[in-house]
Structures are given as structure tokens and as C-alpha cells.
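Peer 1: One structure, as C-alpha cells, below. Some questions next.
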Amino acid sequence: MTEMVHGSIPVPAGDPIIPRWWRTIDKITLSCVLILFAIGLLLGLASSPPLAARNHLPPFYYVSRQAVFGLMAMGVMMLVSMLSPTMVRRLGVLGFALAFAALAMLPVLGTDFGKGAIRWYSLGFASFQPSEFLKPAFVVVAAWFMAASYEPGGPPGRLFSFGLMIVIVLILALQPDFGQASLILFAWGVMYFVSGAPMTLLSGIAASVAVAGTFAYSHSEHFARRIDGFLSADVDPRTQIGYATDAIREGGFFGVGLGEGQVKWSLPDAHTDFIIAVAAEEYGMILVILIIALYTVVVVRSLSRLKRERDPFIRLAGTGLACAFGVQAMINMGVAVRLLPAKGMTLPFVSYGGSSLIAGGIAVGMLLALTRQRPQNAIGDFLSSRGE
Amino acid sequence: MIRAPLRPLARILRARENGENPARIEREARLKRAAQVQDRARARAETRLTVMGLLFVFAFASIGYRMATLAGSAPEEPRASVSNNPIIGLRADILDRNGNILATNLETNSVYAQPPQMIDPVGTARKLAAIFPELNADQLIRDFTGSRKFVWIRRQISPEQMQQVHDIGDPGILFGPREMRIYPNGPVASHILGGATYGREGVNAAEIVGVAGVARQFDSFLRDPANNGAPLKLSIDLSVQAATEQVLAGGMSLMNAKGAAAVLMDVHTGEILALASLPDFDPNNRPRPLTTGDASDSPLFNRAVQGVYELGSTFKVFAVAQALQLGLITPDTMIDTRGPLVWGKFRINDFHDYGSHLSVTDVIVESSNIGAARIAQQIGTDRQRAFLGSLGLLDATPVELAEAPGGRPLVPPHWSELSTMTIAYGHGIADSPLHLAAAYASILNGGTLVRPTLLKQDHPQAGPRIVSEAVSEQMRQMLRAVVTRGTASFGDVPGYQVAGKTGTADKPDPQGGYYNDKVVATFASAFPANDPRYVLVVTLDEPSETTGGAPKRTAGWTAVPVAAEMIRRVGPLLGLRPQIETPDAAGIQLSSN
């Protein structure tokens, strides 16, 4: 009877951790993430042998590495998802301090792997990109600040989080890593939006972006050419985008068949940024639609569970994590179909990459921990609003 | 918003009465208010989270839709280079009025080398030099063995040459398709057509750019892909043009002239049927412009359009026509022609003394400078300038040639009364033969202005009126009289009723003054005189007819016979039937039965 009224499952004291976790975890999101990881391994079998051949390694070297890192990531995800929201917050803030320090030390200790931007620490067996770990930690810290502003007599948390965001975005832009910088910016923006950004400010920002864009388009020839080139129907077939478009066309709805794809041989980033093109070519639209559906389910389901959440910190942190995850996937796929201008960004859990996999595991683990079912005191709301 | 007070006075007072702490009430109220704020924030967050979720669904759906449309479209062969500004080799044909081709394109190939791909650079260079004698083997060897990645060998080659180069068999020698502009009639109409050269060149195509004449004037039209290769149709008649050039070339050599020009124009439509300037050139192999000396000595110089000359007595027609139009004179008015006419220190003389008086008709027929000057005095400076301006004699012709703006008339800087008098007989003003043809057409076609054009026209030009029909008719009769009994008696072509006016002008000496022995001889004619359809202007530069004892330079002896021969040749080509003048059969009545 009580469960029916409260819409929640009573948690007896001393309930063992694993059964409680299994009862309250969002099983659908969890299965979606596991399926995505499996798809990533499957595509790794297709996309990474050319890279291994180029680097004179055994053909499935990268696949086995991906499997090892992936299992680690899954383990981390499970562990993190068992934490309570308070623990998530504490560990998140600690992790933020570590990641921020690592990011700040990059110019001294980092390496650029010959790619021009110093973003990595070389650990010998693997590389480590602090900004990947900074992203979920920043979301937690920003949510903590913003939630604090709801407390009676709380600090101006949104302002603090804004300052923090600006500092991180500047550091990232200086590396330069505009992709991660824009993700951080976006995650903060979404949290600010959900935490109650004034409508006047939002419409003001939208209007000024429109005005600035129009001004830049009509006054800067460089900018106009970039936009025109992006909007024009012609694709230069020698660019990565051109190859990706061609691969999607070749694949059609059912693909050219396992191992028959050609695009992985011509695209240097076939195993990371353009993995979706490999998927489209070899397995066809079926797999692509499945991948898109999985991401959509993860994001939408997390958001809808967060709608019921009473705790501002959980709500905001969950929103930031879910949206950052969804937008990263969206940008990656949007670039491949030319809905967005070219920007290197991995497809979470599907693209190859050790540190990005583990960071993704941590982020989704936090998201799962925050979207677990917990008592929401709905009857209390009902009664207190009646009494007003 | 009405907010519940933090310290409700009624409760505080009651609490004080009961000895309770009023601060507890305030704390409760604050907590309640914070809870309300949180509730509002949660409600707002719920809506906004719904919005976010919908946005994500929409974004993912549009990516999926885009993927599906891409996957559904057929894969295309990758296109080589999509440049914003592709080279378009296309160039439309140029046709004459009857559809004969004046300029067209021929597909040829260019040949170029990519030295890094070459197997035997030295041997290939020697073989290429053997095929194309103008190439230097040593230079080629240097090019092929140096660091160059790309070497043009030849811009266009014939199929035979292509086969020979192909037979060398070196993979570093490549061919590119290319259009070549060809003028199948050689030098015919060369000054009108101008010529073309390559503009921007790529391996797969090259732009053909007009450099002169209509090729330059209509460059953008000919190259515009939107026209779908629609040809440019000129007013020129190829056979008339060829006959004109042939006769003019013969006349130029017979009369020992150094240059010649002819313009044949339709008096009603303004269409130029033939426009020749000698010496000419072959537009397929256009000579280089002169770098030193006078540009007008180059064969590229279009004497009919660019060349401005003092055209002499041909201008008397304008003075007489204007005076008739103004009602100052009639054809029979007697003009005082006693010479010399002294104006200040300047003396005007006639070719020989024509006696004390001449009728206006005879002023034209005998070509009296004094008579023309006296008529111009009656007209006055301002009216003369306005009339010449309305005939277009004071501005460059509007004809559709790139060179036309260069043919700007020379007019006196101070148009004094003396200028008025000399201009009446064609000195002190310099115009091109095309100016003269257009002005004659405007006066003789019934009196409406025509502007010369090189494009085929369908209708007569309805220009503003210059002189009345009556004046036009009087002028025709006077000019006919010039041929039947005046200075242009060699110009009478049986059946074509030529009317015209001669003009012999001394050439100005660049050092000052005029040459005694150098003239520009002009014959401006119209035919048939009763209803003129064509105007023909023939100008010879420095002619001298030497068959007699003393060299004769006047137009009557030089330009007129050339023009007559031209009319004789061109008349049938134009479809004009010779009118056989039958003597009036007086007293005989024709009846049908």
C-alpha cells in the first residue's frame, strides 16, 4: 500500500548493496550502454586492422586493446554507479581537483604526439587526456555550486560555476582543443538552462548570436566562404567528409558486407572520428539507425527520470552528464553527414580510445548513480502544497 | 508577487504574549519560502527537461534522416575538382547574317609534361624537338631534368602531331582536351572579328578570351554558359564582305595607296553589311601590336572605325542639307563664289575658279569650297555644331566593336566662325569613314537618324528626324547630279543610279600645316538614288593615280572608280536588280488588248 502511494520502493535498513543496486538502477540505460560498447568492439574489428597494418602491428592489436580498456571501463562504470549521490559529489569534486591540476600542468609535462596540440600525458602503455576526465568532474562541481544557490542563505553558485567554466574553456582553447571546450561550454549552458536561466537572458543570447552571425556572414569574406562551402551541395571528394559521404552512399540500407568496406583504408580517422562511416558502409543504415536509437534512449530516458528528481544537485548533475554524452555523439555523427562543420570528436563507447573509454565509463557510471530510483517524498509535496 | 511576510505581526505578537521566541517564527517562514522557491525551480526544471529531451530527439532524428537520405541516394563517381570558378572552354560561334560561320571552335589537344613521371627525359625531349621544330631541345632537357613538376609543351597540336607524340610512349607526356578558336574565312572580316587568345589555362580546359573587335565586345555573351551556345549573329554578309575587301585591295594597289577603308551600310536599319580596312591580318594568327612607331601603321588598326581623317568636301552635304532644312536656301539659290574668300589672314580658294555665282546644286556638283563656306556663314556656329552633333559626328560611334571608343572625332577646341567655314568643306574636323557613312545614311534615308550596328536587325531604326523628307529628296537629286555631271562621273554604274559626293582632303603634316602631295580621298555614295537602300563610303589613304602625265590624287580619279567597281560587284550580291533606264516612249500608249 505504501509503495503504491509513494511510487517508490521502500529500502529496508541494511539491505545488501548489490540487490539494492540492481533494483534501483536504470536497467534500460545500462543495457543500451553495454550494447553500444559491443557495437564498438564489432566496428573495431572492421576499422582498426588498416591502422594496425600502417603501424606494423598484428591486425587485431587495437581490437584487443579496446576490449581490455572496455572491460576496465565497464567495471569502473558499475562501481561508480553503485555510489550514493553524496559520494558521487565528493569523489567528483576530488576528481575535479586532480583533473584540473593535470590540465594546468599539461604545458609542462604533456606531449603533443606530433599532432600540434598538447593534450595528452604519455604513460608509456597508454596515453591519458585530462580534459576527458575533467568533463564529468566539472559537471559535478558546477551542479554542486548551482544547487548550493537554492539553499537559504547559499552562495551565488551559478556565478561561481560560470567563472570556473570560463577558466576551463580558456585553458582548453589555448591548447587548442575547441571540441572539448565547446562540450564544457555546452554542458554548463544546459545546466544553467535547467537550473532556471531567465527567459529574457536566453532570448537576448539567441538574438545576439543571430545578429553576430549575420554581421559576420555579410562582413567577413572568410567566414562567409566557410559557411557557403559548408552549405553548398558539392563535397570535395578528397576530404575526410567526402570519403565519409561516399561510404554512407555505398553502404545503402543493408551495407556492402562484413570486411568489404573501403573507406577504412582511405580515412586516417576511420577508427575514431569517422567510425560511423565504417558502420554505414559495412553494415548499412540498419546499424546506424540502431546506434542513433541507442544514444537517443540513453539521453531521453535519463532526462525523463531526472524530471521526477527533487534534489537540485542530482537533477543538474544528471542533466549535464546526459547532455554532454548525447551531444558528443550528436556532433560526431552530425559531422559525418555534414549537418555540422568538421570537428574531431569521438563517438562515446564506440570509437577506439583508451582514456576516452574509461572517462566515458566514469561519466555514465555517475549518470547511472544519479538516475537510480530513490524516495522522492511526493506525498510530502502534495501535503505541503495543500497547506499553503 | 505577493509574498508571505517573514515576520507576520499577528503571530509574533501572539508569540510574545505567550512568552515564545519570535525568531522561531521567522526561521520557519524562511524555510517555507526556500521550499517554495525550490518547488518553483523544480516545476520549471521539469518543463525545461522536457524541452531538452524533445530537442535531443529532434536532433538525433534529423541526423538519422540525413543518413537515410544519403544512404538512399545513388553513389556517384567522385568528381575531380569542384572549384568555385571552373574554367569554361565553351565559346559560342559567330555567324554572318545568312548563318555562315565566321568563327567557331575546333577540338584540339594541348600537350604537357610531368617530369617526375618521365622515364627517359632526355630522349623524350629530343623526339619532341624533332616533332615540333620551334621547340628547343636543350631548353626541354633542362625543363625535364630540373625540379619542375609541370611543363607546358604546346598549347594546341594537330591530330597528326598528337599521334607522333603518343608514339614516343613516355608516361610523363600527357594530353589535355582544349578548344581552339578558328576563323574559317581567314582574313575576311578580320577587323570585325578581332581574334581570340587563351585566358586562364588548366590541364582539362582553357578559357578563350576575345582580344579585339566583336570577339572582345561580346566576350561575356559568347562565354556565358547560360546562352547554351547560342551563336552571335552579325549584320555582316560574308560574300559582300569578301567582294568588298577584294575590290578594295585591287583598288588600293592600282591607286598606290598605303591604306584603304570601305563601309557598306543599310540606310534604314543601320546594319553594316561590309566593313573593310586594309592592310588586314589573319585572326587565326593575329600579329603582335606594334611597340614602336604609329599604331595606325599596324595591320591591326581599323581605319574604318579607329581612323579619323579630315574627310574634305564630303562634308559640304551637311552644310547644304542644314541650310535647306532651315529654309535659308533652295537648291536653285545663287551663291556668291568669287574667290578668294578672305577671312582675317586666311584665304579660302576653290580647286579652280567657278565664276561669280553658282546655284546651290552646282556648289555641290562642282564642289565649291567658297560656296559651302558662305552657306555655313548663314547657318552660324552654334546651329552647325548642334546639327553635326545630332548626326553623331562629334562623338565616337556606338558600333559594337571594342575599338569603337578609340575612333573619337577631332573637333576644333575653339569653334570660331573660321572653323565653321572650314568645317563646311570638311577641314578642321576629323571623323572616321564609319561616322560619314552613318551621317549620309541619316540624311538620305528620308531624314531619320540611324546608328551603325554590327548586329543583325529585323526592323528599320525609327530614329529622331534630322531633316525633312523633302530635304532628303533634294539632297538625293544633288548627289545624283554629282555623279551624272560632276566630280564623280566615274562613279556611274549603269542600272544602280549611284549618287554621291567626293572629298579630297590634304593630309595634315605632324610638323604643322598640310602636305602638298598627300591626300585622303573619299567617295561617300548611296544607291539607288531614287530610293537609297545602301550607303557606301570608300576612303583611300595617300592614293595617286599615275596612268596620266601628272599624278592625279583627287577622289574623282581614285576613290570613285574603286567605289564604282565595288557597287558593280556588290549590287547583285545584295539582290538589287539593275534598273534599265528606258527612254520615255512618247506618244505610244500601252494597252492591254
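Coordinate-derived values only; no laboratory data. Nothing here was measured: the structure is a model prediction, and the numbers come from that model. Note that we place each Cβ from the backbone using ideal geometry, even for glycine, and neighbour counts take in every protein chain shown.
Peer 1: Binned at 5 Å from 0, what are the whole-percent values of the Cα-Cα distance distribution for the stretch B:224-298, short to long?
Peer 2: In whole percents, the pair-distance histogram is 3, 13, 16, 18, 18, 16, 10, 5, 2, 1.
Peer 1: Amide H neighbours of B:Val267 under 5 Å, counting only residues 5+ apart in sequence or on other chains, H built in-plane at 1.01 Å?
Peer 2: B:Tyr534, B:Val535
Peer 1: Report the charge-dipole magnitude of the protein assembly as shown in Debye, nearest 20, computed about the Cα centre from +1 at each Lys and Arg Cβ and -1 at each Asp and Glu Cβ.
Peer 2: Values: 85 positive and 80 negative charges, 1222 e Å.
My answer is approximately 5880 debye.
Peer 1: Hey, could you get me the Stokes-Einstein D for the stretch B:445-531, Kirkwood radius over alpha-carbon pairs, 4 °C and 1.567 mPa s, rounded to whole µm² s⁻¹?
Peer 2: On the way: Rh = 15.3 Å.
It comes out at roughly 85 µm²/s.
Peer 1: Could I ask something else about it? Give me a single rounded figure for A:320-326: the average over its residues of other chain Cβ atoms within 10 Å of their Cβ. Don't jump to the answer; show the numbers that get you there.
Peer 2: Working: counts 0, 0, 4, 5, 0, 0, 6.
Shielding by partners across A:320-326 averages 2.
Peer 1: Just the ratio, please: alpha-carbon radius of gyration of the stretch A:278-352 over 2.2 N^0.38 Å, N its number of residues. Present the calculation step by step, with values, prior to reporting the outcome.
Peer 2: On the way: Rg = 14.3 Å, N = 75, 2.2 N^0.38 = 11.3 Å.
In units of the 2.2 N^0.38 Å rule of thumb, it is 1.26.
Peer 1: Where does helix B:433-444 land angle-wise versus the long Cα axis of chain B, in degrees 0 to 90, nearest 10?
Peer 2: Rounded to the nearest ten degrees, it is 70.
Peer 1: What distance in nm separates the two pseudo spin-label positions at B:Glu134 and A:Leu79, each 7 Å out from Cα along the beta-carbon direction?
Peer 2: That separation, rounded to one decimal, is 8.1 nm.
Peer 1: Something else about it: Percent antiparallel among DSSP beta bridges with both residues in chain B, to the nearest 5? Numbers along the way, then the final one.
Peer 2: Details: 63 of 66 bridges.
The antiparallel fraction comes to roughly 95 percent.
Peer 1: What full-extension length gain, to one decimal in nm, is calculated for A:Val211 and A:Ala104 as 0.36 nm per residue of separation minus the Cα-Cα distance? The partial results should precede the final answer.
Peer 2: Numbers: separation 107, 0.36 × 107 = 38.52 nm, distance 3.50 nm.
Value of the extension gain: 35.0 nm.
Peer 1: Where does each of A:Ser64, B:Ser368, B:Ser220 land when they are ranked from fewest to most other beta-carbon atoms within 10 angstrom?
Peer 2: So the ranking, lowest neighbour count to highest, is B:Ser220, A:Ser64, B:Ser368.
Peer 1: Follow-up. For chain B, with the dipole built from +1 on Lys and Arg beta-carbon atoms and -1 on Asp and Glu ones, taken about the Cα centre, which of B:Gly503, B:Pro279, B:Pro159 lies farthest toward the positive end?
Peer 2: The one lying farthest along the dipole's positive direction is B:Pro159.
Peer 1: Something else now. Please report, in debye to the nearest 20, how large the charge dipole of chain B is about its Cα centre when each Lys and Arg carries +1 at its beta carbon and each Asp and Glu carries -1 there.
Peer 2: Approximately 4240 debye in magnitude.
Peer 1: What is the ratio of the Cα radius of gyration of chain B to 2.2 N^0.38 Å, where N is its residue count, to two decimals? Intermediate values should be presented prior to the final figure.
Peer 2: On the way: Rg = 40.4 Å, N = 593, 2.2 N^0.38 = 24.9 Å.
Rg over 2.2 N^0.38 Å, computed on Cα atoms: 1.62.
Peer 1: Further question on the same structure: What list of ³J(HN,Hα) couplings, whole Hz, do you get for the stretch B:185-201 from phi and the Karplus terms 6.51, -1.76, 1.60, once you set θ to phi - 60° and write x for glycine and proline?
Peer 2: 8, x, x, 5, 6, 4, 6, 6, 6, x, x, 9, 9, 7, x, 5, 10
Peer 1: Calculate the dipole size of chain A relative to its Cα centre from +1 charges on Lys and Arg beta carbons and -1 charges on Asp and Glu beta carbons; express the result in debye to the nearest 20. Could you put the intermediate results ahead of the total?
Peer 2: On the way: 27 positive and 22 negative charges, 154 e Å.
Value, rounded to 20: 740 debye.
Peer 1: Okay, next question. May I have the extent of the alpha carbons of the protein assembly as shown along their three principal axes, as whole Å values ordered from largest to smallest?
Peer 2: 147, 90, 73
Peer 1: Can you list residues whose amide H is under 5 Å from B:Gly199's amide H, if they're 5+ apart or on another chain and H is modeled 1.01 Å from N?
Peer 2: Excluding prolines and chain starts, which carry no amide H, the hits are B:Glu207, B:Ile208, B:Val209.
Peer 1: I've got another one for you. What average number of partner chain Cβ atoms lie no more than 10 Å from the Cβ of the residues making up A:252-264? Don't skip to the answer; put the middle values down first.
Peer 2: On the way: counts 6, 3, 1, 1, 0, 0, 0, 0, 0, 0, 0, 0, 0.
Taking all residues of A:252-264 together, the mean is 1.
Peer 1: Taking the inverse of the average 1/r across all pairs of different Cα atoms in the stretch B:347-506, what Kirkwood radius in Å do you get? Don't skip to the answer; put the middle values down first.
Peer 2: Working: mean 1/r = 0.0589 Å⁻¹.
When all Cα pairs of the stretch B:347-506 are included, the Kirkwood radius is 17.0 Å.
Peer 1: Tell me, how many Å apart are the Cα centres for the stretch A:12-75 and for the stretch B:355-428?
Peer 2: Taking the Cα centre of the stretch B:355-428 as reference, the centre of the stretch A:12-75 is 99 Å away.
Peer 1: Specify which residue in the list A:Ser203, A:Ser304, A:Cys323 is farthest towards the positive end of the charge dipole of the stretch A:17-370, using unit charges on the beta carbon of Lys, Arg (+1) and Asp, Glu (-1), about the Cα centre.
Peer 2: A:Ser304
Peer 1: Assign one of three labels to the stretch A:59-156, namely rounded, prolate or oblate, based on the Cα gyration tensor with a ≥ b ≥ c the square roots of its eigenvalues; rounded applies when a/c is under 1.5, prolate when it is not and a/b is larger than b/c, and oblate otherwise. Each step should come with its number before you reach the end.
Peer 2: Numbers: a/c = 3.56, a/b = 1.54, b/c = 2.31.
Judged from the Cα gyration tensor, the stretch A:59-156 comes out oblate (a/c at least 1.5, b/c at or above a/b).
Peer 1: Further, regarding this structure: Tell me, what HN-Hα J-couplings in whole Hz come from the Karplus equation 6.51 cos²θ - 1.76 cosθ + 1.60 at θ = phi - 60° for each residue of the stretch B:256-273, using x for Gly and Pro?
Peer 2: Going residue by residue, I get 6, 7, 8, x, 7, 9, 9, 10, 10, 9, 6, 6, 8, 8, x, 5, 8, 8 Hz, with x marking Gly and Pro.
Peer 1: I've got another one for you. Along the positive direction of the dipole of chain B (beta-carbon charges: Lys, Arg +1; Asp, Glu -1; about the Cα centre), which of B:Ile335, B:Ser190, B:Ala323 reaches farthest?
Peer 2: Result: B:Ser190, furthest along the dipole toward the positive end.
Peer 1: Per residue of the stretch B:319-332, what does 6.51 cos²θ - 1.76 cosθ + 1.60 with θ = phi - 60° give for ³J(HN,Hα)? Whole Hz please, x for Gly and Pro, Karplus curve as stated.
Peer 2: Running phi through 6.51 cos²θ - 1.76 cosθ + 1.60 with θ = phi - 60° gives 4, 5, 4, 5, 5, 5, 4, 7, x, 6, 9, 10, x, 9 Hz.
Peer 1: So what's the angle, to the nearest 10 degrees on a 0 to 90 scale, between helix A:157-174 and the longest Cα principal axis of chain A?
Peer 2: Roughly 20 degrees between the two axes.
Peer 1: Taking the 0 to 90 degree range and rounding to the nearest ten, how far is the long axis of helix B:559-573 tilted relative to the main principal axis of chain B, both from C-alpha atoms?
Peer 2: Rounded to the nearest ten degrees, it is 60.
Peer 1: Mind checking B:35-43 for the average number of partner chain beta-carbons within 10 Å of each residue's beta-carbon? Display every interim value, and only then the final one.
Peer 2: On the way: counts 6, 3, 4, 7, 5, 1, 8, 10, 0.
Partner-chain Cβ atoms within 10 Å, mean over residues of B:35-43: 5.
Peer 1: According to a simple spin-label model (label point 7 Å from Cα along Cα-to-Cβ), what is the distance in nm between B:Glu473 and B:Arg27?
Peer 2: 12.5
Peer 1: Can I ask one more? What net charge do the residues around B:Thr124 carry, taking every other residue with its C-beta under 15 Å from that of B:Thr124, with Lys and Arg at +1 and Asp and Glu at -1?
Peer 2: In short, 0.
Peer 1: Quick check: pseudo-label points 7 Å beyond the Cα along Cα→Cβ at B:Ala43 and A:Phe254, how many nm apart are they?
Peer 2: Reported label-point gap for B:Ala43 and A:Phe254 is 5.5 nm.
Peer 1: I've got another one for you. For chain A, what mean projected area does the convex hull of the alpha carbons give, in nm²? Walk me through the intermediate numbers first.
Peer 2: Details: hull surface 92.1 nm².
If you wrap the Cα atoms of chain A in a convex hull and average its projections, you get 23.0 nm².
Peer 1: How large is Rg over Rh for the stretch B:194-333, taking Rg from the Cα atoms and Rh as the Kirkwood inverse mean of 1/r across Cα pairs? Display every interim value, and only then the final one.
Peer 2: On the way: Rg = 20.1 Å, Rh = 18.5 Å.
Taking Rg over the Kirkwood Rh, I get 1.09.
Peer 1: If you don't mind, another one. Once the piece of chain linking B:Ala68 and B:His352 is laid out straight, how much longer is it, given 0.36 nm per residue of separation minus the C-alpha distance between them? Could you put the intermediate results ahead of the total?
Peer 2: Working: separation 284, 0.36 × 284 = 102.24 nm, distance 9.69 nm.
Full-extension gain reported as 92.5 nm.
Peer 1: Quick one: if the Förster radius is 60 Å, what FRET efficiency do A:Ala38 and B:Asn285 give, using the C-beta to C-beta distance and rounding to 0.05?
Peer 2: On the way: r = 74 Å, r/R0 = 1.23.
My answer for the efficiency is 0.20.
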